[in-house]
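The values are calculated or read from the model by the stated rules, or taken from the named source; none is laboratory data. Remember, it's a predicted structure, so these values are computed and weren't measured experimentally. All Cβ positions, glycine included, derive from the backbone under ideal geometry; neighbour counts span all protein chains shown. Accessible surface is based on the protein model in full, side chains and every heavy atom, while ligands, DNA and RNA are left aside. Shrake-Rupley method; radii C 1.70, N 1.55, O 1.52, S 1.80 Å.
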Amino acid sequence: MTDVQQSSKVEQVEAASLLTQLQKVPVFAGISLQELRCLDSVELVHADPGADLMDITRTRRGFWILLEGELRLQKRQSDGELTLIGQLVAGEVFGEIPLLMGKDNEAVVTVLKPSVAVYLREELFWNLMFACPQVRVSVLGNVARRLQVFQSQELHREKLISLGTMAAGLMHELNNPGSAAKSAASQMRDNLGRLQQISLRLCGRGAMTQAQTDCLRILQEQALKPHKPNAISSMDQADAEGELESWLDAHGIENAWKLAPTLAAIGFDAGTLECAQHEFPGNSLSDPLNWMEALVSSVQLVGTIEESVTRVIDLVKAVKKYAYEDKPQRHQLDVHDSIQSTLVILGHKFRQKELTVEKLFAPTLPPLSTCGIGLSQVWTNLLDNAIDASPQKGVVSIRTWVEGDRVGITIADTGPGVPEENRKRIFEPFFTTKPTGQGTGLGLDIVRHIVIDKFGGEILLDSVPGKTEFTVKLPVVS
């Protein structure tokens with residue numbers, strides 16, 4: 001026990017002797033001496049700054065009434081971090097919510113100023129609630145207000161988690177094309193240096209014959225054709241590269257091992273190089289082919305950079321579409337675009353579990369004319385849950401259709417399903433089956449709130465082992 005806790009003290013006193021002080025507490029305002037007699041004796045705690053009130057009373061279950069001083073309430077998260085619940089001053093009470101829920105009080109209650117508090121054991125709290133209707137009404141009113149504040153805080157926390165998911169996904173997605181573009185640019189710098197060196201050597205040998213020039217022109221045109229060669233299997237590709245490398249080695253071509261993969265990838269083989277073999281005697285073909293490989297490689301790298309930049313632009317567009325839904329005025333909303341933007345944001349999570357995404361989109365889905373906001377958060381929560389529930393290499397399917405004046409969207413996974421006893425509670429606030437610290441239990445409550453309250457739609461759950469489907473139906477005009 002710390003020195004601070006040792007200097008604090010607890011004494012047994014008659015509840016009736018505290019009548020005047022308790023009547024100054026809003027919850028006990030108007031309580032009579034007769035009503036207070038149901039408590040008999042109570043514990044009066046004198047606590048010094050720095051002490052933990054829970055350690056002084058040595059219990060996690062009970063009801064506290066702060067007569068003097070100031071306290072700080074914090075909640076310890078699963079990672080050990082303390083989150084502020086609030087600060088209490090004289091006249092406030094706490095501990096009623098855990099008692100009403102049948103749970104231990106997990107708060108860390110730190111004394112900020114010299115404090116005096118009345119502690120009621122659990123049985124005394126229930127005696128008080130039974131005997132004093134006025135106190136009961138006040139306590140339950142406090143509970144309602146505090147739960148509302150707590151739910152508001154948790155909703156805000158859930159939004160921050162959703163934003164964090166999006167930010168983490170965006171950083172992950174941007175890193176891949178960024179790294180690819182950087183690597184391609186570095187290789188291009190090397191290629192440009194090689195091209196310059198080879199060009200200087202070719203110039204030093206004097207002018208090429210017309211036949212040599214024509215041969216290189218034909219090879220260059222074939223190498224730079226806009227269409228891609230037919231895809232072949234990895235084994236066939238390796239065979240083609242091996243045969244070409246052997247041919248290059250046999251004809252004294254420098255860097256044959258490096259040239260073979262690039263030239264084979266664009267369809268070159270020994271037959272393609274026949275004209276070059278005849279027009280460039282000895283090892284004079286080495287520099288032209290190395291020049292050709294550096295050129296082809298550079299063009300391929302430009303394509304890589306172009307694809308990477310396009311990917312970054314697509315990500316920026318996806319984020320804009322994701323954020324646009326927070327506009328409160330009436331607007332046209334494309335459901336497919338909204339879903340696709342969310343898929344882009346969560347793309348890294350699908351790849352981590354090697355999940356297949358099946359999109360069965362209706363060919364003509366009308367846009368929503370709505371003032372509703374937050375639809376992207378619906379898709380984020382439903383898809384995130386589907387990813388968590390899916391086995392490795394599972395399937396997540398998204399289907400859309402038109403149903404009269406409404407559009408329907410189903411998101412399904414191939415996970416173990418939702419147990420029957422949990423289905424009726426799945427949309428309740430704070431209900432979660434995830435381990436402590438991994439879920440707030442508000443994701444599906446937020447989904448239900450957005451779908452029903454903001455868009456005037458409905459959401460349904462259908463689950464059996466091996467398949468869980470959430471179906472959202474939204475009016476075209478809301």
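Per-structure values
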read-out	value
Residue pairs, from the table 424/467; 182/393; 9/113; 225/359; 359/473, whose Cα atoms sit over 22 Å apart	182/393; 225/359
Surface accessible to a 1.4 Å probe, residue 215 within the full protein complex, Å²	10 Å²
Spin-label zone in the range 36-67 - amide nitrogen under 17 Å from a point set 7 Å from the Cα of residue 126 along the C-beta vector	38-40, 60-64
Residue 187 paired with residue 316, simple spin-label distance in nm, labels 7 Å along Cα-to-beta-carbon	2.5 nm
Neighbourhood charge, 12 Å Cβ-Cβ cut-off, centred on residue 125 and excluding it, Lys, Arg +1 and Asp, Glu -1	0
Residue-span extension gain [residue 237 to residue 458] - 0.36 nm each, minus C-alpha spacing	74.3 nm
Segment residue 9-residue 401, length gained on full extension (0.36 nm per residue, minus Cα span)	134.3 nm
Virtual spin-label span in nm between residue 392 and residue 104, 7 Å along Cα→Cβ	3.6 nm
Total formal charge among the other residues, if their Cβ is under 14 angstrom from that of residue 41, Lys/Arg +1 and Asp/Glu -1	-3
